[in-house]
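The values are calculated or read from the model by the stated rules, or taken from the named source; none is laboratory data. No experiment lies behind these values; they were computed from the predicted model shown. Cβ placement follows ideal geometry from the backbone for every residue including glycine, while neighbour counts extend to all protein chains displayed. Only protein heavy atoms, including side chains, enter the accessible area calculation; ligands, DNA and RNA are left aside. Shrake-Rupley method; radii C 1.70, N 1.55, O 1.52, S 1.80 Å.
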Amino acid sequence: MDNRVYIFDTTLRDGEQVPGCQLNTIEKIQVAKALEELGVDVIEAGFPISSPGDFNSVVEISKAVTWPTVCALTRAVEKDIDVAVEALRYAKRKRIHTGIGTSDSHIRYKFNSTREEILERAVRAVKYAKKYVEDVEFYAEDAGRTDNEFLAQVVEAVIKAGATVVNIPDTTGYCLPSEYGAKIKYLIDHVDGVDNAILSTHCHNDPGMATANTMAGLLNGARQCEVTINGVGERAGNTALEEVAMILKCHNDIDLQTNINSQRIFPMSRMVSGLMNMPVQANKAIVGRNAFAHSSGIHQDGVLKNMSTYEIIDPRDIGLDGNNIVLTARSGRAALRSRLEVLGVKVEGEKLDAMYQEFLKLADKKKEINDDELLVLAGLDRTQNHHVKLEYLQVTTGMGVKPVASICLDIAGEKFEAAASGNGPVDAAINALKQIIRRTMTIKEFTIQNITKGSDDLGKVHMQVEHDGRVYYGFGANTDIITASVEAYIDCINKFVK
Ligand code: KIV
Ligand code: ZN
């Protein structure tokens, strides 16, 4: 059996389904190009029938990337496939990813159907897609809970119909690694013609087994794995690309190779985290802030004597440069550009100049600028086209006084002022803002996150606001946490006031 493992990245499809993590087309192109540099084999660019935005992203990503295969998701429905074919028209290499639920629970409750009918619909969809593209991947949704005998029948039938890849998703993250590995082995042993297609893993992380399950799948014969950067994805997420890539790289005893340029992993991780406003947890495997931080005396002593005592991965292999340049108000453009590049952000010319000015403003407020703050600065231009902008905010607060806020908003160039009190400074500021934006809005979630160490740090605020039965997500960052909160609220408003 071939020992090449194909990396199928679904950050822009399954990963992007996370509420609040949606990217616009320009951001998706940026991610797709970085994925190409990282060396992924397939980029799942979207689900074209789901929205005009998704359709357009698949079109633009198809134009932007050169060698990776661009893949579009569909249901086993002819109209979905027609729209996906249209979205992929500029792709140099293209794949349709079609499929249907195969577990008894999907068949009964989702489709009110029978195994025979599902098998027939699966074959029909693959044959239909095959008329337009050579490369057709079939997914058996909820394969993790599908009876192996029936799954083998479906896999055999879709391969006969022309599927080049068959995806075995553990959609709910239910399987144990031993079960998932055995499922792949069962298919390899029982499906007639299995050698005519590649079996793919697609594991979700609900109880935390996605990477273990993916590895079990690969060790049992799957040769493609579907993954996302930082493991982003709905609920507890998908298998993290960086985890599988680095397991395969550091285990000399496993004879499986990928095309991943591991030194691009850290910049890629930070780019996705920055664009999605999705922090990477400090102890996240491979890319977390603490992943290579040894704090106990015994560990530090060992690592200083020889790195291999406590580290199985050289941080330089994932693109961590070990360079501790501290960026301050005295740092130049070159230092700023070089640190941003380590973080996966490429800026040149006028954009670099503008960012450098923002950097200097922040550096005047605090001594050192850290990586997370640089990523926030890199994302600031996203608010430039906002319809509603914060012009100024003044808040009086403290022990024994009633908090009062006055605010001025710029709405499409016109200035509006208001003042209000509240039970705290954020409440006062939001009450003042609501006097200008007279809409019914309810805060559903409000998370204040400091970035690293000092009281002078930039604080980040993630907020969810409900308006007219829909939930909108906003983000704000400022050294003043009250301003950051109001900015996050205004970011939400800009999603529905156009
Ligand atoms: O988890 C899943 O089953 C999926 C399929 C649509 C491939 O994402
Ligand atoms: Zn999935």
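General observations
- Checking Gly39, Gly46 one by one, the residue that is open to solvent by less than 20 Å² (accessible area, probe 1.4 Å) and within 16 Å of ligand 1 (Cβ to nearest atom) is Gly46 and no other.
- Taking the listed residues Gly221, Gly193, the one that is surrounded by fewer than 22 Cβ atoms within 10 Å (Cβ to Cβ), within 21 Å of Val42 (Cα to Cα), in the same structural domain as Val136 (by TED's automatic domain parsing) and among the small types (Gly, Ala, Ser) is Gly221, with no other qualifying.
- Within segment 174-184, the presence of a residue that is closer than 20 Å to Asn283 by Cβ and within 16 Å of ligand 2 (Cβ to nearest atom) is excluded.
- Residues (away from ligand 1 (no atom under 15 Å from the Cβ), at positive phi and more than 10 Å from the chain's Cα centre (by Cα)) located in segment 221-242: Gly221
- Checking Val227, Val287, Val232 one by one, the residue that is in contact with a Leu (Cβ under 6 Å, 6 or more places away or on another chain) and either farther than 23 Å from Pro68 by Cβ or in contact (Cβ under 8 Å) with a residue 24 or more places away in the chain (or both) is Val227 and no other.
- Residue count for segment 232-264, restricted to those that are aliphatic (A, V, I, L, M) and within 19 Å of Asp14 (Cβ to Cβ): 7.
- Criterion: within 16 Å of ligand 2 (Cβ to nearest atom), assigned to a helix (DSSP H, G or I) and crowded, with 17+ Cβ neighbours inside 10 Å - qualifying residue of His97, His106: His106
- Hey, Glu368 surrounded by 14 or more Cβ atoms within 10 Å (Cβ to Cβ), in contact with a helix residue (DSSP H, G or I) (Cβ under 7 Å, 6 or more places away or on another chain) and over 22 Å from Lys33 (Cα atoms) or not: no
- Of the criteria (1) on the phi > 0 side of the Ramachandran plot; (2) away from ligand 1 (no atom under 16 Å from the Cβ), which one Ala245 fails: (1)
- Candidate set from segment 111-167 (those that are out of contact with any strand residue (DSSP E or B) (no Cβ under 7 Å at 6 or more places or on another chain) and under 19 Å from Ala91 (Cβ atoms)); member that is farthest from ligand 1 (Cβ to nearest atom): Lys131
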